[in-house]
1. Residue check: is residue 189 open to solvent by less than 30 Å² (accessible area, probe 1.4 Å), within 18 Å of residue 243 (Cβ to Cβ) and out of contact with any strand residue (DSSP E or B) (no Cβ under 8 Å at 6 or more places or on another chain)?
2. Go through the range 258-288 and count every residue that is touching a residue at least 12 places away in the same chain (Cβ under 8 Å), part of a loop (DSSP other than H, G, I, E, B) and more than 17 Å from residue 301 (Cβ to Cβ).
3. Would you be able to tell me the number of residues in the range 36-73 that are within 12 Å of residue 311 (Cα to Cα), in a loop (DSSP other than H, G, I, E, B) and under 25 Å from the mean Cα position of the chain (by Cα)?
4. For the range 314-396, which strands (runs of 3 or more DSSP E) that fit wholly inside it have 2 or more residues that are without any contact (Cβ under 8 Å) to a residue 60 or more places away in the chain and surrounded by 17 or more Cβ atoms within 10 Å (Cβ to Cβ)?
5. Go through the range 88-202 and tell me which strands (runs of 3 or more DSSP E), entirely inside it, have 2 or more residues that are farther than 17 Å from residue 216 by Cβ and not hydrophobic (A, V, I, L, M, F, W, C).
6. With in contact with a Lys or Arg (Cβ under 6 Å, 6 or more places away or on another chain) and either modelled with pLDDT of 95 or more or basic (Lys, Arg) (or both) as the only criterion, which of 108, 178 stands out?
7. Regarding the range 156-177, can at least one residue be identified that is touching a residue at least 60 places away in the same chain (Cβ under 8 Å) and among the hydrophobic types (A, V, I, L, M, F, W, C)?
8. Which one is farthest from residue 75 (Cα to Cα) among residues in the range 4-26 that are hydrophobic (A, V, I, L, M, F, W, C) and surrounded by fewer than 18 Cβ atoms within 10 Å (Cβ to Cβ)?
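The values are calculated or read from the model by the stated rules, or taken from the named source; none is laboratory data. What you see is a predicted model; the values in this text were computed from it and never measured. FYI the Cβ positions are ideal-geometry reconstructions off the backbone, even for glycines, and counts take in every protein chain you see. With ligands, DNA and RNA removed, areas are computed over all heavy atoms of the protein, side chains included. Shrake-Rupley method; radii C 1.70, N 1.55, O 1.52, S 1.80 Å.
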Amino acid sequence: MSDLTRQPLETIEQQQNEKLRAMLDLCVRGHPYYRQQWTEAKIDVREIRTLADLERLPLTHKTELMADPERFRLSLPELPLQERALWEIIYTTGSTADPTPVYNTTHDYNAYLFQSRRVAEISGIRETDVIANLFPLTPAPMGAFIRSATNAYAAGAAIFAALPGASYGPFDVRRSVDEAVRMIAMHRATVLWGVPSFVRRLLLRAIELRADFKSVRMCAITGEASSPAMREDLRRCLRELGATGTTVFDRYGSTELGAFAQCREDGDWHNPTPELQYHEIVDLETGRRLPDGERGALAVTHLDRRGTVLIRFVVGDVVSLDRRPCPVCSRTSERVVGPVVRARDLVKVKGMLINPAVLLEALQSIPGIDEFQVVVRRENKSDPLSMDELVVRVASSNQAALADTVIARARDAIRVRPLVEFVEAKDIYDAGRQTKAARFVDQRG
């Protein structure tokens, strides 16, 4: 199969038009949500023939997927086995305590392998690499951990999991940061794959332990936004450890998108598989498509999926697109241009996309709390690159068993373990000076 990312834009769009028509036909036949939405809106989908026509369809917001994920799952019993057999379920943030499932058939899994191979080619991941998966296990299978192995398979690389993070349930299989450092040295890892703030914490500990990280040549980071200062500090740590290379490959993506890849450090993110998805920048109020170069909300339309299928799905990030040939690698597929700004209703904490409203609702139902406040801050206030810290500040006359309850409710709601600090009620809300309490405060700047 020829690399579509190197074909003229007209060739790319011609294939995307064909794929779009086939995808919409499948949705009309077997997509519960879109069949009802388009029928009620009196939209004749047969008239949607090209990418330009796509603007006539309404946007799909994440809250709609969260509310009823089963209705976004294609159901067509007549499809071949590989297009309807469920291969895996990956979860993304939900509107309730439970995360939202994204269903992948065998067809979709193979498509992700195809996408991952392109990502490896663009970013320079090789079959000779040994990847250290530094993502934590989570209560529900999240994409970052699961897809690390898939990315290694696609590139032909070796991989091992360090299993860091907090423990939960009866089986304590997690490992400490020190153990993760030891495993990287032992396996002679070449690529460190994880959330940037944790990768940095691990590198700082490796420096303290004088670990042998000479084999490392790249940090592949994803899961949270990274600043130029953060990426330069990762390079500084790699230099101090005597690493073979200091490349920092910053991936952009989501459970619904998969991954976009940079062909150079700190560059734009290429869509590696234009045959699988189409992207546009939209005005959230009108659904109107914005011209290339103008910043707005990123929306994706799946062109070749069989499990969870999304049309004009608003990802939740404000970016712009560039469809001109890349001046670095000459690829012609579109590129996402930052900075990436996350929509306000969801917040990244420790690499996890959380819904603050869900957490606040869970805390409000705990008896014995007089006042409370959730604070997101840096572990080390003097270090702007240190890891995130989620703190629940509580005012209560009965502190004995309250901390454990707060921690349990928070973890059930958003899958992140908080710290609990007991304070005076007036430190959270002083009726004499404030009109209302600030329940959620992000101090990261």
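1. No.
2. Number of matching residues: 7.
3. Selection size over the range 36-73: 3.
4. Hits in the range 314-396: 388-395.
5. It comes to 100-105.
6. Every option except 108 fails the conditions.
7. yes
8. Looking at the filtered set, the residue picked out is 9.
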